[in-house]
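S.K.: Here you go, one structure.
The values are calculated or read from the model by the stated rules, or taken from the named source; none is laboratory data. If you're wondering where the values come from, they're calculated on a predicted model, not measured in any experiment. When we count neighbours, we look across all protein chains shown, and the Cβ atoms used for this are built from the backbone with ideal geometry, even at glycine. These area figures cover heavy atoms from the full protein model, side chains too; ligands, DNA and RNA do not enter into them. Shrake-Rupley method; radii C 1.70, N 1.55, O 1.52, S 1.80 Å.
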Amino acid sequence: MELRIRNLSKTYANGVVALDRVSLNIPAGMFGLLGPNGAGKSTLMRTLATLQECDAGSVFFGDLDVLDEKDEIRRLLGYLPQDFGVYPKVTAYELLDHFAILKGLSGKGRRREVVDGLLQQTNLFEVRHQRLGGFSGGMRQRFGIAQALLGDPRLIIVDEPTAGLDPQERVRFHNLLSDIGDDRTVLLSTHIVSDVADLCANMAIINKGSVLLCGEPAQLIEAIEGKIWARFVAKQDVPAFQRRHAVISSRLLTGRTLIHVYDESDPGHGFEPARPDLEDVYFATIAGRHSGASPRQDA
Ligand code: ADP
């Protein structure tokens, strides 16, 4: 089912415009919402998860009005918040069983089946009798997915789930997400480009409350083909290059500084054409160098 967001806006009491007329069509499958810290991702996720009010706009999931028919949406919704806390002294089994009761799974036999199934699906069955306080970050996040999947939700919202995971845990978590994204609408918010590159069929880039770019990752990459140029520079020369060129990223690679610039034509100065990837799309977009449509000015 498709999630349709139209002109969603939110200004906090302190005057921060967290969402500025956000419009998105989110089809079934994995959708990545990519943006830096403070972009407005959590505000959007909490609004969609019916936990927070917006000022204006509309959201429909199929025929259901998300902002109005909250109880109905909650029955279809699985949510993993950014700051998912667990009770450290209870075991994974006990807490998931408790959440299952809250979800209305009252029959003991059926509940056991569901809870065991989810613990197996998230690879936590072997450790189900261990206390959550001893779980690693990755195990905790997988537990978070297990609780989000209770009640077989059609819409799943996961807010920055891989922040703080080590590379191995991240891969494991990606595999889990890609399994659950097959036949549902999964909205994944992240500031980590590889989360989206690895998982998402569709994506949007958001910054300062506005959607800057939206589409399929492969097409977005194709659109900047021939416009990304790279060269190694001495670290102390980076500011000079930044003054002369549209530098979109600078990073260390094997101890040297590699910069990427965005330019419609050959910038000269020893730059070589680079094959663009999603990081280039992201950095060029956030730097205001690239946009799918006309860029919106900040108010
Ligand atoms: P992200 O999840 O992308 O990091 P957030 O939605 O958390 O972004 O925040 C968007 C902006 O709104 C930030 O500038 C943040 O400081 C601000 N903000 C978030 N929550 C509140 C709040 N409860 N009151 C005031 N400002 C807030």
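S.K.: Does Q236 qualify as being modelled with pLDDT under 95 and part of a helix (DSSP H, G or I)? So that I can check it myself, show each step before the final result.
M.R.: On the way: modelled with pLDDT under 95: yes; part of a helix (DSSP H, G or I): yes.
The answer is yes for Q236.
S.K.: Can you tell me which condition G226 does not meet? The list is (1) part of a loop (DSSP other than H, G, I, E, B); (2) out of contact with any Pro (no Cβ under 8 Å at 6 or more places or on another chain); (3) modelled with pLDDT of 95 or more, and all the others hold.
M.R.: Here G226 clears every test but (2).
S.K.: Consider the range 261-276. How many of its residues are open to solvent by 20 Å² or more (accessible area, probe 1.4 Å) and not in a loop (DSSP other than H, G, I, E, B)?
M.R.: 3
S.K.: For the range 228-245, does any single residue satisfy the condition of being open to solvent by 20 Å² or more (accessible area, probe 1.4 Å), assigned by TED's automatic domain parsing to the domain that holds L149 and of a type in the set (D, E, K, R)?
M.R.: no
S.K.: Return the residues of the range 195-206 that are in contact (Cβ under 8 Å) with a residue 60 or more places away in the chain and open to solvent by 50 Å² or more (accessible area, probe 1.4 Å); say none if nothing qualifies.
M.R.: Once the filter is applied, which keeps residues that are in contact (Cβ under 8 Å) with a residue 60 or more places away in the chain and open to solvent by 50 Å² or more (accessible area, probe 1.4 Å), the range 195-206 yields A197, A201.
S.K.: Among residues belonging to the range 204-219 that are in a loop (DSSP other than H, G, I, E, B) and over 14 Å from G288 (Cβ atoms), point out the one that is farthest from the ligand (Cβ to nearest atom).
M.R.: Pass one, the range 204-219, residues in a loop (DSSP other than H, G, I, E, B): 208-209, 216.
Imposing the further condition that a residue be over 14 Å from G288 (Cβ atoms) reduces the set to 209, 216.
Values: G209: 7, E216: 22 Å.
The extreme case among them is E216.
S.K.: So Q147 ticks every box in (1) surrounded by fewer than 20 Cβ atoms within 10 Å (Cβ to Cβ); (2) out of contact with any Ser or Thr (no Cβ under 9 Å at 6 or more places or on another chain); (3) not aliphatic (A, V, I, L, M) but one. Which box is left unticked?
M.R.: Only one criterion is unmet by Q147, namely (1).
Okay, residues lined up against (1) open to solvent by 50 Å² or more (accessible area, probe 1.4 Å); (2) not hydroxyl-bearing (S, T, Y):
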| residue | (1), (2) |
| --- | --- |
| V66 | no, yes |
| K70 | no, yes |
| R74 | yes, yes |
| P81 | no, yes |
| T91 | no, no |
| E94 | yes, yes |
| A100 | no, yes |
| G104 | yes, yes |
| Q120 | yes, yes |
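S.K.: I'd like the full set of residues that are open to solvent by 40 Å² or more (accessible area, probe 1.4 Å), without any contact (Cβ under 8 Å) to a residue 40 or more places away in the chain and within 23 Å of L76 (Cα to Cα), limited to the range 157-178.
M.R.: Residue satisfying the conditions is N175 alone.
S.K.: Where the second residue is surrounded by fewer than 12 Cβ atoms within 10 Å (Cβ to Cβ) and the first is touching a residue at least 12 places away in the same chain (Cβ under 8 Å) and lies in the range 228-240, which pairs have Cβ atoms under 8 Å and are six or more apart or on separate chains?
M.R.: I228/R275; W229/D266; W229/E272; A230/E272; R231/G270; R231/E272; F232/L253; F232/R256
S.K.: I need the full set of residues from the range 20-36 which are crowded, with 22+ Cβ neighbours inside 10 Å and near the ligand (Cβ under 8 Å from one of its atoms), in order please.
M.R.: G35
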